[in-house]
1. Read through the list (1) touching a strand residue (DSSP E or B) at 6+ places or on another chain (Cβ under 7 Å); (2) open to solvent by 20 Å² or more (accessible area, probe 1.4 Å), then give the number of the only condition that GLN209 fails.
2. Looking at THR82, THR48 in this structure, which one is in a loop (DSSP other than H, G, I, E, B) and either modelled with pLDDT of 85 or more or open to solvent by 90 Å² or more (accessible area, probe 1.4 Å) (or both)?
3. Residues of region 97-110 being free of Cβ contacts under 8 Å to residues at least 60 places away in the same chain and either surrounded by 15 or more Cβ atoms within 10 Å (Cβ to Cβ) or not in a strand (DSSP E or B) (or both), which ones?
4. Just to be sure I understand, how many residues within region 85-96 are within 32 Å of the chain's Cα centre (by Cα) and open to solvent by 60 Å² or more (accessible area, probe 1.4 Å)?
5. Inside region 213-224, can you point out the residues that are within 20 Å of SER54 (Cα to Cα) and open to solvent by less than 70 Å² (accessible area, probe 1.4 Å)?
6. Could you tell me which numbered condition GLU131 fails, if it satisfies all but one of (1) of a type in the set (Asp, Glu); (2) closer than 29 Å to THR206 by Cα; (3) in contact (Cβ under 8 Å) with a residue 60 or more places away in the chain?
7. Taking the conditions exactly as written (assigned to a loop (DSSP other than H, G, I, E, B) and either β-branched (Val, Ile, Thr) or in contact (Cβ under 8 Å) with a residue 40 or more places away in the chain (or both)), does ASP170 satisfy them or not?
8. Within region 51-79, take every residue that is more than 15 Å from the chain's Cα centre (by Cα) and closer than 27 Å to SER108 by Cα and give me the one that is least open to solvent (accessible area, probe 1.4 Å).
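The values are calculated or read from the model by the stated rules, or taken from the named source; none is laboratory data. Please read these numbers as outputs of a predicted model, since none were measured by experiment. When we count neighbours, we look across all protein chains shown, and the Cβ atoms used for this are built from the backbone with ideal geometry, even at glycine. The accessibility values were calculated without ligands, DNA or RNA, using every heavy atom of the protein model including side chains. Shrake-Rupley method; radii C 1.70, N 1.55, O 1.52, S 1.80 Å.
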Amino acid sequence: MKRLLIAIVLLGVAGSAWAQATPATQAAPAYQPYDESRGYVAATIGVTFGNRTSSAFAVEGGMKIGEVFEIFAELGRMTDVTTSGTDAATAVIGPWLGALGKGSAIWSVKTPANYGAVGARYLFPMFENFEPYVAMTVGVANVDKQASFALDGADVTGSLPSLGVQLGSDLYGQANKVLFTIGGGVRVPFGRLLVVASGRYCRIFTDPQGTNVLRFSAGVGFKF
């Protein structure tokens, strides 16, 4: 009986020593969504695809509302959003000028668009360091249609009325039109720095033909 008591005491002491020597197992911390509650700013550069392929630049800033919603504003420029209808119209006038017998005709058209928009973003806190999202914006785009025509290398755009041509708003001039975008992307935080990438469908309600553009962008940002 005495031996049994001694054995029990020794086992207890050994167990206590082993528990103190072995580090306690820590429970895995619960996932915390990427914290951007105080806001962010970011700059992006990208490419647009539509009737033309061109470049795009933008800056944006936003603020979280709760854990998974965010509101933001964006300012940007797409360097050429010329529609197929505008291309077709210039392709009619150019050859007609050449047929006047006043020289060889050359023509071109470019349509840059500066825009400002506000939007909302829904964040998917699926991974600790990888945050996908969907977003939509509504805003205004200043669309600047810049058709130009030349005869024997001399620009005749300003004197087209004397040649019997009057350019309409489908070929020349600026107009402010409603802009709508929808799409998604991903953000990866590195401390206070962000790496961002997105893809969006953009619709500008231009006349007489609407402008449809796909925009893919990437850039960097900063949390504050």
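1. (1)
2. Working: THR48 fails: in a loop (DSSP other than H, G, I, E, B).
Step by step, each of THR82, THR48 is checked, and only THR82 is in a loop (DSSP other than H, G, I, E, B) and either modelled with pLDDT of 85 or more or open to solvent by 90 Å² or more (accessible area, probe 1.4 Å) (or both).
3. Of region 97-110, the ones free of Cβ contacts under 8 Å to residues at least 60 places away in the same chain are 98-99, 101, 103-108, 110.
Correct list: GLY98, ALA99, GLY101, GLY103, SER104, ALA105, ILE106, TRP107, LYS110.
4. 0
5. VAL213, ARG215, SER217, ALA218, GLY219
6. Of everything listed in (1) of a type in the set (Asp, Glu); (2) closer than 29 Å to THR206 by Cα; (3) in contact (Cβ under 8 Å) with a residue 60 or more places away in the chain, GLU131 misses just condition (2).
7. When the stated conditions are applied, ASP170 passes them.
8. Within region 51-79, the match that is least open to solvent (accessible area, probe 1.4 Å) is ARG52.
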